[in-house]
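What follows is a short report on a single structure.
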Amino acid sequence: MSMKLHGSLFELAGGEETFRKLVRRFYAHVADDPVLRAVYPEEDLSGATERLTLFLIQFWGGPQTYSNLRGHPRLRLRHQPFAIGQAERDAWLGHMTAAVDSLDLAPAIRKALVDYFETASTAMINRQPAPGPEEPG
Ligand code: HEM
């Protein structure tokens, strides 16, 4: 037997306010992390904050403002210019998980978000580390 959830995760999680808080907290961590800060081209992270907030609102079933402003997300393509290896992915996911855990969410909502961020952040890896001396080629 399966349970049907009524309402989008966007609504169940608390709507726009929740996602604004989540991404604000996430980028506060990014600003203090030298590994990640180096990846972001702009000094001012407010544009990046707004884009990620609108994307997540859209992804989880809220208003489609992100695509009205930015078009199709094509996230892997949009991340290609930024060097994202395992270290950057792990830092990103660590900060996002901390930001999720700072919200007072129901366990099922928390798990849906963390599972998604885990998969999505892995998919964004686009650079391999340079081979070590003991690994020819
Ligand atoms: C894996 C580690 C990741 C790193 C290091 C990273 C880094 C970046 C950087 C440097 C930008 C450009 C900043 C800007 O928009 O001004 C960006 C944009 C963006 N990222 Fe990530 N990102 C990561 C993972 C993710 C994941 C997992 C998602 C989605 C769940 C995501 C969603 C976005 C979105 C929506 C934008 C704005 C795209 C646009 O409209 O131009 N990123 N990211």
> Which of the residues spanning the range 78-137 are among the aromatic types (Phe, Trp, Tyr) and under 14 Å from the mean Cα position of the chain (by Cα)?
Replying inline: TRP92, TYR116, PHE117
>> As an exercise: evaluate LEU36 against (1) in contact (Cβ under 8 Å) with a residue 12 or more places away in the chain; (2) within 9 Å of the ligand (Cβ to nearest atom); (3) not in a helix (DSSP H, G or I) and give the number of the one condition it does not meet.
In response: (3)
> From the list ARG24, ARG74, ARG78, ARG89, which residue is more than 30 Å from PRO129 (Cβ to Cβ) and basic (Lys, Arg)?
Replying inline: ARG24
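For the structure I just gave you, tell me whether GLY71 is free of Cβ contacts under 8 Å to residues at least 24 places away in the same chain, surrounded by fewer than 18 Cβ atoms within 10 Å (Cβ to Cβ) and not hydrophobic (A, V, I, L, M, F, W, C). Spell out how you get there, then give the answer.
On the way: free of Cβ contacts under 8 Å to residues at least 24 places away in the same chain: yes; surrounded by fewer than 18 Cβ atoms within 10 Å (Cβ to Cβ): yes; not hydrophobic (A, V, I, L, M, F, W, C): yes.
Considered against the rule, which asks whether it is free of Cβ contacts under 8 Å to residues at least 24 places away in the same chain, surrounded by fewer than 18 Cβ atoms within 10 Å (Cβ to Cβ) and not hydrophobic (A, V, I, L, M, F, W, C), GLY71 comes out as yes.
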>> Can you tell me which residue is surrounded by the fewest Cβ atoms within 10 Å (Cβ to Cβ) among those in the range 93-107 that are out of contact with any helix residue (DSSP H, G or I) (no Cβ under 7 Å at 6 or more places or on another chain) and among the small types (Gly, Ala, Ser)?
In response: ALA106
>> List pairs: first residue in the range 93-121 and aliphatic (A, V, I, L, M), second residue part of a loop (DSSP other than H, G, I, E, B) anywhere in the structure, Cβ distance under 7 angstrom, at least six positions apart or on different chains.
In response: LEU105/ALA13; ILE109/ALA13
> Taking the range 39-70 on its own, how many of its residues are modelled with pLDDT under 95 and either assigned to a helix (DSSP H, G or I) or aromatic (Phe, Trp, Tyr) (or both)?
Replying inline: 0
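The values are calculated or read from the model by the stated rules, or taken from the named source; none is laboratory data. Fair warning: this is a prediction, and the values are worked out from it, not measured in the lab. Virtual Cβ from ideal backbone geometry, glycine too; neighbours counted across all protein chains shown.
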